[in-house]
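S.K.: Please read through the structure below; I'll follow up with questions.
The values are calculated or read from the model by the stated rules, or taken from the named source; none is laboratory data. This structure is a prediction, so every number in the text was calculated from the model and none was measured. Cβ coordinates were reconstructed from backbone atoms using ideal geometry, including for glycine residues, and neighbour counts include every protein chain displayed.
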Amino acid sequence: MKKVFLDKLNKIDKDYYTFADLLKLWSGTPQSLKVLLSRAVKNGELEKLKTNIYVLSNKNISIEKIANKIYYPSYLSFESALSSYGILSQIPYVLTFATPLKTKKIFLRDVRVEYRQVKKDLFFGFVLKSGLCVALPEKALLDCFYLASKGMFEMNFRRLNYERINWKKFNLWLQRYPKKTQKLARKTIEEIKNSNFLPTGRRVLPVDGSSR
């Protein structure tokens with residue numbers, strides 16, 4: 001029975017399964033399914049990512065994609081997105097997503113995942129890349145300024161590589177953010193421009209400029 005069930009899962013193109021998903025495919029009782037899953041996990045045939053979330057052990061999975069899907073809607077942003085674009089040089093040890101839902105923290109395998117709440121009218125500026133919703137560079141940076149202006153986030157903005165930022169787009173989207181966020185972003189960028197402290201040795205364009 002277990003082999004037949006696992007063979008059925010292997011034929012389905014799905015990144016992960018909730019207990020509810022598996023119950024729909026199971027012909028027995030919920031309790032008997034729990035027993036089967038426990039044995040399959042113990043035998044290394046299934047992996048339990050977190051409570052009620054399972055994946056097949058023989059399949060390559062993307063923690064980022066699964067994290068994106070299990071708390072939806074959301075998109076990869078903040079440090080994670082900035083790092084993927086090379087704007088942040090360090091590789092974050094936390095996967096960070098923006099969501100209009102409540103702030104939430106979970107672990108998938110040994111990866112810490114944070115879903116940080118943004119207002120519904122600020123839930124934009126992301127694209128779908130290979131099945132993963134990812135903020136555009138300008139939006140990821142703006143999301144950082146947004147939470148920083150609310151006292152909920154800290155980042156050394158001086159140590160970012162701003163070459164990937166389209167300042168015209170950044171300024172356009174900045175106008176959709178609260179006044180407090182706009183003030184912090186403009187002040188920070190102006191201070192960086194005037195400090196001559198840029199890791200790449202290149203100029204940061206003004207937020208209100210039209211270049212690039």
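S.K.: Where in the stretch 1-115 are there helices (runs of 4 or more DSSP H), lying wholly inside it, with at least 3 residues that are polar (S, T, N, Q) and under 20 Å from Leu132 (Cβ atoms)?
M.R.: Result: 78-84.
S.K.: I would also like to ask the following. One residue is enough: does the stretch 109-120 have a residue meeting the conditions within 21 Å of Ile53 (Cβ to Cβ), more than 13 Å from the chain's Cα centre (by Cα) and at pLDDT below 95?
M.R.: Within the stretch 109-120, one or more residues are within 21 Å of Ile53 (Cβ to Cβ), more than 13 Å from the chain's Cα centre (by Cα) and at pLDDT below 95.
S.K.: Go through the stretch 133-163 and give me each residue that's of a type in the set (S, T, N, Q) and modelled with pLDDT of 95 or more.
M.R.: Of everything in the stretch 133-163, just one residue is of a type in the set (S, T, N, Q) and modelled with pLDDT of 95 or more, namely Ser149.
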